[in-house]
Amino acid sequence: MSFASPLFLWYFLPAVLAAVVGAPRHWRNGIVAIASLAFYAVGAGPTTLLLLACMVVNYVLGPALEPDDWDLEPKRRRRLLVGVIAFDVAVLVIWKYAGFASVQAAGLASLTGLDLPTISLALPIGISFYTFHHISYVVDVYRGERPALRNKASFVAYIALFPQLVAGPIVRYREIADQLTQVRSHRLDDIAAGFPRFALGLIKKVVIADSLAPLVDACFATPTDQLTTATAWLGAIAYTLQLYFDFSGYSDMAIGLGRMLGFKLPENFARPYSSASVTEFWRRWHMSLSRWFRDYVYIPLGETATVSGSLTATCGSCSPWSGYGMAPTGRSCSGGFITALCW
Amino acid sequence: MIERRSGWGVADLGGLTDAVSASLTHQRLAILLLASLASLVFLLPAKPITDRYLESMRSRPAAVLRIGVMTVGLLYSALLVATGTFSPFLYYRF
């Protein structure tokens, strides 16, 4: 279900807001959890089971990762953390890359005359985003930054919160843990505060990004031998604008929706096209992703590796997340980061 | 193949392919120009220019203008959504 679809705007959102406003305030997380799973199931279908399975594993093992005053078995906790993260990453890798890997393997095998079958797995919507949330949850609990969630509704509300479930912003557990346990009572105020942001995002998406989409498609569909300078420039400019207004529009809608439900989600954009360097651009574009990689990949790596090594590894792990076609982008970004640092 | 849109008073768009020319309607051209103008704010250096510009937009007339634009934009968006013109978000693929 898309935020910009009639089903969401005319039926789903009003129903959820009415339920949140009308029900007792301590029901909020439960309402949000049910609504989020319904929202996801409408778009993802059977792959909702994968989300549920990942949530069960992380929810059940989360409390065992908490440090306590005695902490007699830190090695056991660490092994458990590594195991849970390995599970989360394995799910992401299998569903994202198994098809690609099997096609490559079949291609190689065909050179030797073998006929290998290929795998085709439907990519679950938002799998990257809920994987990031799971990892953030277990790592923050392991570090003792926030306690594990014992309430199932609160846990589901964090992992599957529908405003940010399918495309972010990525919310680190420690950023929202207190909001999950402390339910505010100013619900109409929250709706009044969140609606303008949601409306701004809707305008960005529907009026600007969607209007430019057919133009971008026409430019990018032009065969290479017919491509002219004007078409190439028009395509590049239109796509630059479409991408920014589409994604920042989504983020505005997500932040506004989150606020209407009583959650303050982190910002995701800060005028990225005014950046003066690659480093600054990634601090301003999809900021929640950059912060996630900084906190959970770059800083831990920095304890044992050099700065350039950490940067290369961070970009190297970030680009596969975007898809195998983005590997060159990751390499160019890490090159840009290192060049900017040396400048 | 080449279509000159003299009625809009813009530079000759010669060089566009037929398919691209056909998709560049007046409405899309207007939105492309408006979005480009709006993005000029983003393209300018942040510290000396953009911040100051955005700060000046916090006055009462600017707020009234912003509310007006938002209202019109929201109604137009609702109209577009009702006609079923929305497309999936680009970042859904991740």
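Only the coordinates and a few stated rules stand behind these numbers; no lab work does. Since the model is a prediction, treat every value here as computed from it, not as a measurement. A quick note on method: Cβ atoms are made from the backbone with ideal geometry, for glycine too, and the neighbour counts reach across all protein chains shown.
Order the peptides A:238-251, B:68-81, A:48-61 from the highest to the lowest mean number of other Cβ atoms within 10 Å of their residues.
Top of the packing list down: A:238-251, A:48-61, B:68-81.
Running Debye on segment A:211-289 with equal point scatterers at the Cα sites and no solvent, what base-10 log of I(q)/I(0) appears at q = 0.16 Å⁻¹?
-0.73
Across peptide A:274-287, how many C-beta atoms of other chains are within 10 Å of each residue C-beta, on average?
2
Counting only other chains, what is the mean number of Cβ atoms within 10 angstrom of the Cβ of each residue in peptide A:208-221?
6
Short version: ³J(HN,Hα) in whole Hz for each residue of segment A:150-155, in order, from phi by Karplus 6.51 cos²θ - 1.76 cosθ + 1.60 (θ = phi - 60°), x for Gly and Pro, what are they?
Once θ is set to phi - 60°, the couplings for segment A:150-155 become 9, 8, 4, 4, 5, 5 Hz.
Mind checking the mean number of beta-carbon atoms from other chains within 10 Å of the Cβ atoms in B:62-75?
2
Ranked highest first by average number of other Cβ atoms within 10 Å, how do B:23-31, A:252-260, A:207-215 line up?
A:252-260, A:207-215, B:23-31
Return the FRET efficiency for the residue pair residue A:123, residue B:67: r is the Cβ-Cβ distance, R0 is 45 Å, and the value is rounded to the nearest 0.05.
0.65
Enumerate the amide H contacts of residue A:184 below 5 Å, restricted to partners 5 or more residues apart or on another chain; note that Pro and chain-start residues carry no placed amide H.
none
Enumerate the calculated ³J(HN,Hα) couplings along segment A:221-234 in order (Karplus 6.51 cos²θ - 1.76 cosθ + 1.60, θ = phi - 60°), each rounded to whole Hz, writing x wherever the residue is Gly or Pro.
With the stated coefficients, segment A:221-234 comes to 8, 5, x, 4, 6, 9, 5, 10, 4, 4, 5, 4, 5, 4 Hz.
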